[in-house]
Amino acid sequence: MKRKFLVVILVLFACIGGTMSHAGATPSNQQILAILKQRVEQEKQMPGIVVGIIDRKGRRLIQYSLADSKVDGDTLFEIGSISKVFTAIALTQMAERGELKLDDPISKFLPVKTPTRNGKTISLLNLATHTSGLPRLPDNLAPKDESNPYADYTVEQLYTFLRNYQLTRDIGTQYEYSNLGAGLLGHILSLKAGVNYESLIKTRITQPLKMNDTTIQLSPKQQARFTKGHNTFGKPVSYWDLPTLAGAGGLRSTTNDLLNFLAVNLQLQPSALNATLQKTHVLQHSTPTPEMQIAIGWHVLNHKGTEIIMHDGGTGGFRSFIGFVKNKGIGVVVLSNSENDINDIGLHLLDERIPLAKREAPKQRKAIAINPKLLDAYVGRYQLAPDFVLAITKEQNRLFLQATKQPKVELFAETETQFFITELDVQVTFVRNPQGSVNQLILRQNGQNLPAKRLN
């Protein structure tokens with residue numbers, strides 16, 4: 001897409017398997033450096049990556065990068081959806097101060113008709129917990145510049161969407177991750193506070209926590225420390241701007257700033273915000289992934305008795321991860337200047353039973369021409385998970401894939417049965433049964449082969 005918006009398209013869940021019997025100590029600096037070196041040099045997943053670890057003993061920074069892409073603890077990255085955590089904290093604090101209530105309907109704060117269903121209205125807490133019934137993205141998002149897809153999405157377009165959208169599920173009954181919902185929440189909080197989103201987050205959260213590099217607009221000195229983002233194949237890409245939906249993913253930050261943030265979440269450092277942050281850790285709702293629940297802004301993974309409070313983020317050229325285990329008093333930040341996935345590193349450092357994924361260096365693929373009639377056999381719907389379907393369509397002799405609640409992308413033929421997406425390291429292979437009919441496809445992404453059975 002570049003309308004992947006803050007989560008790489010088609011990534012469904014983290015690998016949380018493993019064979020080790022217990023969670024041991026965090027790997028040493030040398031062990032972590034070896035992981036990063038392999039990810040950068042052998043697997044060629046990113047030009048640079050920084051890891052920050054905080055525990056009761058102090059802080060550690062480990063970084064590795066190519067010579068022309070130096071990064072360290074003060075390098076600025078786009079942190080994407082980690083912004084949602086800050087939006088949720090602002091909501092919680094405003095509720096504490098009596099400026100609003102968590103169960104206030106969003107219609108109370110907006111000058112426009114908002115969606116309802118069966119007599120129920122969307123609340124502020126529904127937005128913070130992805131239970132509003134709103135889709136991942138608004139259907140009137142049509143960027144002029146695909147390399148910066150949210151820069152021209154206006155408040156007027158947002159209001160038009162809200163006026164016209166019909167909810168397809170009851171409010172508060174089911175989790176469905178929504179960038180739209182989080183962005184709308186940031187907009188509402190800004191309206192209520194009478195300041196823009198950046199000022200709201202700065203004055204209420206980042207300045208009190210001495211997170212002076214967590215911002216949207218960068219000073220000249222900060223700009224000099226802002227690393228360039230890269231796509232799956234290592235090519236530089238444009239930065240992203242989210243003026244209307246900033247609450248979903250507009251913040252930039254550094255590893256050192258996010259370690260300050262973790263220190264207060266882990267209660268390793270006193271702060272007037274401590275009680276507020278603790279409230280955001282409280283579980284609110286289940287998700288389709290059995291091991292995962294949603295708190296206020298945070299996701300909470302329960303892996304074999306270890307509770308990891310976490311969030312990740314991804315924009316067109318960056319990936320980010322922040323997570324912590326409260327009873328172990330340990331937190332981890334991972335920031336990368338590539339859109340290739342890094343969640344496995346963050347999760348592994350918090351619980352070694354969660355394995356590192358095996359990555360392959362991205363391959364530059366070449367499209368070939370095939371008989372368009374062959375494409376007809378592939379058209380249909382393929383189920384990857386109970387609530388996640390891949391729709392394959394043919395339009396003007398071209399093949400397209402559209403995942404549930406995600407934009408349509410074109411598939412290019414590498415062989416008569418193997419296809420790929422140009423902007424992402426994603427491949428699709430169609431499989432025939434003994435009778436010769438196509439009965440499934442295999443989606444390959446992030447080192448995983450994910451089978452999807454054909455529905456029709």
* Yes or no: Ile308 over 14 Å from Ser81 (Cα atoms), more than 18 Å from the chain's Cα centre (by Cα), touching a residue at least 40 places away in the same chain (Cβ under 8 Å) and open to solvent by less than 20 Å² (accessible area, probe 1.4 Å)? -> no
* All but one of (1) within 26 Å of the chain's Cα centre (by Cα); (2) in contact (Cβ under 8 Å) with a residue 40 or more places away in the chain; (3) not in a strand (DSSP E or B) hold for Val40; which doesn't? -> (2)
* Which listed residue is hydrophobic (A, V, I, L, M, F, W, C) and part of a loop (DSSP other than H, G, I, E, B), from Leu218, Leu180, Leu189, Leu200 -> Leu218
* Answer with yes or no whether Leu283 is in contact (Cβ under 8 Å) with a residue 12 or more places away in the chain and either on the phi > 0 side of the Ramachandran plot or touching an Asp or Glu at 6+ places or on another chain (Cβ under 9 Å) (or both). => no
* Restricted to region 401-456, and to residues that are of a type in the set (Phe, Trp, Tyr) and touching a helix residue (DSSP H, G or I) at 6+ places or on another chain (Cβ under 9 Å), which residue is surrounded by the most Cβ atoms within 10 Å (Cβ to Cβ)? -> Phe419
* Asked: Given the structure, is Ser336 touching a helix residue (DSSP H, G or I) at 6+ places or on another chain (Cβ under 6 Å), in contact (Cβ under 8 Å) with a residue 24 or more places away in the chain and closer than 24 Å to Ile201 by Cβ?
  -> no
* Asked: Among the residues of region 266-305 satisfying the criterion of being surrounded by 15 or more Cβ atoms within 10 Å (Cβ to Cβ) and in contact with a Lys or Arg (Cβ under 8 Å, 6 or more places away or on another chain), which is nearest to Ser81 (Cα to Cα)?
  -> Gly297
* **Search result, residues across region 342-364 that are open to solvent by 20 Å² or more (accessible area, probe 1.4 Å) and either among the acidic types (Asp, Glu) or part of a helix (DSSP H, G or I) (or both)** => His348, Glu352, Glu360
* Structure fact -> Scanning region 371-400 for residues that are out of contact with any helix residue (DSSP H, G or I) (no Cβ under 8 Å at 6 or more places or on another chain) and over 20 Å from Gln440 (Cα atoms), the one most open to solvent (accessible area, probe 1.4 Å) turns out to be Gln396
* **Test result for Glu156, surrounded by fewer than 24 Cβ atoms within 10 Å (Cβ to Cβ), among the charged types (D, E, K, R) and outside any loop (DSSP other than H, G, I, E, B)** => yes
* Asked: Are any of the residues in region 300-314 assigned to a loop (DSSP other than H, G, I, E, B) and modelled with pLDDT of 95 or more?
  -> no
* Out of all the residues in region 231-268, which are over 29 Å from Leu158 (Cα atoms), at pLDDT 95 or above and not aliphatic (A, V, I, L, M)? -> Pro236, Thr254, Thr255, Asn256, Asp257, Asn260, Phe261, Asn265, Gln267
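The values are calculated or read from the model by the stated rules, or taken from the named source; none is laboratory data. Note that the structure is a prediction, hence the values are computed from the model and not measured. No Cβ is skipped: glycine too gets one built from the backbone with ideal geometry, and neighbour counts run over all protein chains shown. Just the protein is used for accessible areas: all its heavy atoms, side chains included, with ligands, DNA and RNA removed. Shrake-Rupley method; radii C 1.70, N 1.55, O 1.52, S 1.80 Å.
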